[in-house]
Every structure is written in C-alpha cells, then in structure tokens.
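Written below as structure tokens is the structure these notes are about.
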Amino acid sequence: MSMFSFDKYSYESRLLKLLQNSFLKTARRNKILAKWAGGRMGYKDSALNKYVKSMILSYLIAPSDRRIINRILSDFKKAKIKMTEDDIRKKIKAVEERIQSRHSCVD
C-alpha cells in the first residue's frame with residue numbers, strides 16, 4: 001500500500017469543501033461590493049436590499065468579475081458618480097483581503 005494513497009471519496013469531499021468555500025467567499029464579496037455601491041448611490045433600506053439582490057442575481061446568472069465591474073461603472077455613470085475601473089478593482093481587492101483575513105482567523 002502506498003504511503004500517499006488517496007481515498008476517492010475523501011478527495012471528492014475536500015474538493016467539494018474547497019468549491020463551497022470559494023463560492024461563499026465570492027458571494028460575500030459581491031454582497032459587500034453591492035452594499036458599498038448602493039450606499040454610494042444613496043440607496044437605503046429596501047432600495048439598497050433590492051440593489052444588492054439584483055447584483056447577486058446578476059452574478060449568479062453569468063459569474064464574471066467583468067460583469068460586476070461593468071454593472072457598477074454603469075450604475076455610477078447613471079448616478080453621475082465619478083469612478084474608474086481601477087477604483088473599483090482596488091475596492092474589490094480590499095474587500096477580498098478583508099474576507100481572507102477573517103476567513104484565515106477561523107481556520
């Protein structure tokens with residue numbers, strides 16, 4: 001028997017857990033980004049919740065960071081808020097770092 005034998009089911013279980021964690025981190029990131037963007041546009045309470053849900057649904061339909069960035073840029077442009085793609089990418093990176101630091105404390 002090999003020292004490094006892999007049980008098929010434990011491998012699949014680890015892969016499933018990894019995918020679930022990745023999905024949850026992305027979902028958390030998108031929710032935080034949507035709340036930030038909605039707040040910048042002046043949405044409050046139910047309008048903010050509606051915006052967050054629409055942003056999350058948009059990502060679930062076609063998962064792409066490009067889609068999120070374009071959506072925020074488009075919404076900011078309509079609201080006459082000056083924002084560049086680089087600004088949004090910096091915000092995404094900051095949110096991801098925040099989520100990662102919280103997640104690593106739990107592990």
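Values quoted throughout were computed directly from the atomic coordinates according to the rules given, and no laboratory measurement underlies them. What you see is a predicted model, and the numbers here were worked out from it, not measured in a lab. So basically every Cβ, Gly included, is an ideal-geometry build from the backbone, and we count neighbours across all protein chains shown.
How many residues are exposed (fewer than 13 other Cβ atoms within 10 Å of the Cβ) and touching a residue at least 12 places away in the same chain (Cβ under 8 Å) if we restrict to the range 64-98?
Qualifying residue count, the range 64-98: 2.
For the range 58-106, give me each residue that is within 14 Å of Thr26 (Cβ to Cβ) and not in a helix (DSSP H, G or I).
Listed by number, the residues that qualify are Ala62, Pro63, Ser64.
Take the residues in the range 31-40 that are touching a Leu at 6+ places or on another chain (Cβ under 9 Å) and buried (at least 16 other Cβ atoms within 10 Å of the Cβ), then tell me which one is farthest from Lys77 (Cα to Cα). Steps first, please.
Going through the range 31-40, the residues touching a Leu at 6+ places or on another chain (Cβ under 9 Å) turn out to be 34-35, 38-39.
Those left that are additionally buried (at least 16 other Cβ atoms within 10 Å of the Cβ): 34-35, 38.
Values: Ala34: 15, Lys35: 17, Gly38: 13 Å.
Filtering the range 31-40 for residues that are touching a Leu at 6+ places or on another chain (Cβ under 9 Å) and buried (at least 16 other Cβ atoms within 10 Å of the Cβ), the one farthest from Lys77 (Cα to Cα) comes out as Lys35.
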